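**Student:** Just passing along the structure, written as C-alpha cells.
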Amino acid sequence: MNSPVYMMWLRQIKRYWRSRTRIIGSLAQPILFLVALGFGFGAIFQKAGGGNYLDFLSPGIIGMSILFTAMFNGIEIIWDRQFGFLKETLIAPVSRYKIMIGRTLGGATVASIQGLIVLLIAMLIGFRPTSIAMIPLALVFMFLIAILFTALGTAIASKLEDMQGFQLIMNFIIMPLFFLSGALFPLDNLPSALNLVIKINPFSYGVDGIRGALTGISHLGLGLDLTVLITCSIIVTLIGSYLFSKIEI
C-alpha cells in the first residue's frame with residue numbers, strides 16, 4: 001500500500017519500536033503513580049468510603065500515559081524540521097493534509113499502544129476491570145484521546161521552531177489538563193469553580209470514559225464522553241491540518 005496516509009502512519013510506528021529507551025522511559029512515570037499513589041493513598045481512600053483507590057486511579061493513569069505520549073509526538077515535527085526530513089516530506093507531490101492525517105494516526109496508534117501497556121501493568125499490580133466485555137469500549141476512548149491530543153501537539157508544533165519552547169508550552173498545557181481532569185480524585189461535591197474547569201477540560205471526558213468502561217463508574221456519562229471526544233477530535237484535527245499545511249520550508 002503506497003497511500004501517503006499509510007506511509008506516514010507506518011513511519012511513526014517504526015520510530016516508536018526502534019526507540020526502546022523512549023518506551024521504557026515513558027512507562028516509568030505511570031508505574032510510579034500507580035504504585036506510589038495507588039497503594040500510598042489506598043487506605044485513606046477506602047476509609048473515606050471511596051472503595052479501592054487503585055481501581056479508581058488506574059483509568060486516570062492510563063489516560064495520563066496516552067496524553068503525555070500523544071502531545072509530545074508533536075516534537076518530532078520540530079526535530080524533522082531541524083534535520084531536513086520535514087522539507088523532503090513537504091516538497092513531495094502529496095497533499096499536506098494527507099501527511100498530517102498520517103502523522104496523527106501514527107502518533108495516536110503509538111499513544112494507544114502505550115496506554116494498553118499501562119493497562120496491562122495496572123492489571124498485574126492488582127487493577128481488575130469490572131467487565132472484560134467493556135474493554136473494547138475503553139480502547140475506543142483511549143484511541144480518541146490519542147487522536148485529539150496528537151492533533152493538538154501537531155498543531156502547536158506547526159507554529160514553533162524551538163524544541164525548548166515546545167517543551168515549555170507542552171508542560172504548561174499538559175499538567176493542568178491532567179490534574180484538573182478527575183484522574184486523581186472523584187468529581188463529586190467539588191467547588192463550583194473547579195467543577196466548571198473540569199467540565200470544559202476535554203481530557204476529563206476521556207478519563208471518565210475509560211473509567212466508566214473499565215469500572216462501571218461514570219460521572220459525566222459515557223454518551224456525553226464519546227460525543228465530546230469525537231467532536232473535539234474532529235475540530236482539533238482540522239485546525240492541526242490547516243496549521244500544518246501552512247508550514248514554511
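**Student:** Using the alpha-carbon atoms, what tilt in degrees (0 to 90, nearest 10) does helix 53-72 show relative to the longest principal axis of the chain?
**Tutor:** 10
**Student:** Please give the net charge around I145, taking every other residue with its beta carbon less than 14 angstrom from that of I145, where Lys and Arg add +1 and Asp and Glu add -1.
**Tutor:** Residues near I145 contribute -1 overall.
**Student:** Output the peptides 54-61, 98-105, 190-197 sorted from most to least packed, where packing is the average of other Cβ atoms within 10 Å over each peptide's residues.
**Tutor:** My ranking of the peptides, most packed first, is 54-61, 98-105, 190-197.
**Student:** Further, regarding this structure: How big is D for segment 191-249, in µm² s⁻¹ as a whole number, if Stokes-Einstein is applied with the Kirkwood radius of its Cα pairs at 20 °C and 1.002 mPa s?
**Tutor:** It comes out at roughly 165 µm²/s.
**Student:** Would you mind getting the Kirkwood hydrodynamic radius of segment 119-177 from its Cα pairs, rounded to one decimal in Å?
**Tutor:** Final number for the Kirkwood radius of segment 119-177 is 14.0 Å.
**Student:** Rank-order 106-116, 204-214, 36-46 by packing density, defined as the average count of other C-beta atoms within 10 Å over each peptide's residues, highest first.
**Tutor:** My ranking of the peptides, most packed first, is 204-214, 106-116, 36-46.
**Student:** How many percent of all Cα-Cα pairs in the chain sit more than 31 Å apart?
**Tutor:** Roughly 24 percent, rounded to a whole number.
**Student:** Next question. For segment 4-245, please report how many Lys pairs fall under 23 Å Cα to Cα, leaving out neighbours fewer than 8 apart on the same chain.
**Tutor:** Summing the qualifying lysine pairs gives 5.
**Student:** Right, something else. How do Y97, Y242, Y53 rank when sorted from fewest to most other Cβ atoms within 10 Å of their own Cβ?
**Tutor:** Fewest to most other Cβ atoms nearby, the residues stand as Y242, Y97, Y53.
**Student:** Rank the residues S181, S218 as a footprinting-exposure proxy: fewest other Cβ atoms within 10 Å of their Cβ go first.
**Tutor:** Sorted ascending by nearby Cβ count, the order is S218, S181.
**Student:** Any idea how far apart Q167 and A43 come out in nm if each label point goes 7 Å out from Cα toward Cβ?
**Tutor:** 3.8
**Student:** Quick one: which of 169-176, 70-77 comes out on top by average Cβ neighbours within 10 Å, and what's the full order, highest first?
**Tutor:** Peptide ranking by packing, descending: 70-77, 169-176.
**Student:** I've got another one for you. Okay, which of segment 40-71 sit inside 15 Å, backbone N to the point 7 Å along the Cα-Cβ direction of L160?
**Tutor:** 68-71
FYI, it's all coordinate maths here, none of it is from the lab. Being a predicted model, the structure only gives us computed values, none of them experimental. Note that we place each Cβ from the backbone using ideal geometry, even for glycine, and neighbour counts take in every protein chain shown.
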